[in-house]
Every structure is written in structure tokens, then in C-alpha cells.
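Everything on this sheet refers to the single structure shown next.
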Amino acid sequence: QVQLVESRGGLVQAGGSLRLSCAASGSIFSINDMGWYRQAPAKPRDLVAVITSRGSANYADSVKGRFTISLDNAKNTVYLQMNSLKPEDTGVYYCNAHVGNFGSEHWGQGTLVTVSS
């Protein structure tokens, strides 16, 4: 069993910064990739950023140049540094991980980020 525990989000003014973290624990033999998804009210859950265990990262176009994802393999922890936040970045951020030989998928409980204008 794999657990993903996210740090607390929060309320930030537009233009501000916030860093999220997500620690994976449990029956982890290997992490294939970890990432962050965002779900705004009445909208689907969309990919924000993902990083492989080798450090290859991909970002949604809307966050490129503002957000940075990183992975500490030793701690099984993924980070999302969010800079120049905009009101449209508001939503529940979910941590996601694919682990093991079969790439089983796991989700965190979600953490709310609110960006005020």
C-alpha cells in the first residue's frame, strides 16, 4: 500500500509564491514518476507538472516559466515551487505517483490553493 501525503496549501495573493510537497511512503520499490494535478471548481482535474525518477519534467503550458517541479528520490518526495501565482491557479492540487514494475497509480488527498486578486 502506498500513501501520498501533501503539504498544506493556502491563500496567496496574486504574484506571490507557494511551495507544495508530497511525500510517498509504504510499499514503494521504485517510483516511476510523480506529479501534480489541479482541479478548479466545476472543471476537470488537469495535469500541472510531472517528473520522472530520472528528472525529466513536463509542464502544462499555463504554468511554464512560473512553476518548477522537483523530485528527491532519496526521500520519495516531490515538490512544486509555484511563483508568479495568478487567480486562475486556484484549485485543489493533487499529488500523483506511478510506482513499481506495473506503474500502479496513487493519489494524494488534495490540498487547496487559493490565489486572490
Problem - Residues being modelled with pLDDT under 95 and of a type in the set (S, T, Y) - total across region 46-100 - result: 1
Completion exercise
Okay, strands (runs of 3 or more DSSP E) sitting entirely in region 54-117 with 2 or more residues that are closer than 14 Å to C22 by Cβ, I get 67-72, 77-82, 91-99, 104-107, 111-116
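Okay, residues lined up against (1) under 16 Å from V2 (Cα atoms); (2) of a type in the set (S, T, N, Q):
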residue	(1), (2)
G65	no, no
E88	no, no
N96	yes, yes
N101	yes, yes
W107	yes, no
Problem - Matching residues in region 1-53 - criterion: being open to solvent by 30 Å² or more (accessible area, probe 1.4 Å) and of a type in the set (F, W, Y) - result: F29, Y37
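The values are calculated or read from the model by the stated rules, or taken from the named source; none is laboratory data. Everything numeric here is computed off the predicted structure, so don't read it as measured data. Methodologically, a virtual Cβ is constructed for each residue, glycine included, from the backbone with ideal geometry; neighbour enumeration extends over all protein chains shown. Each accessible area value is taken on the protein alone, full model and side chains, heavy atoms only, with ligands, DNA and RNA left out. Shrake-Rupley method; radii C 1.70, N 1.55, O 1.52, S 1.80 Å.
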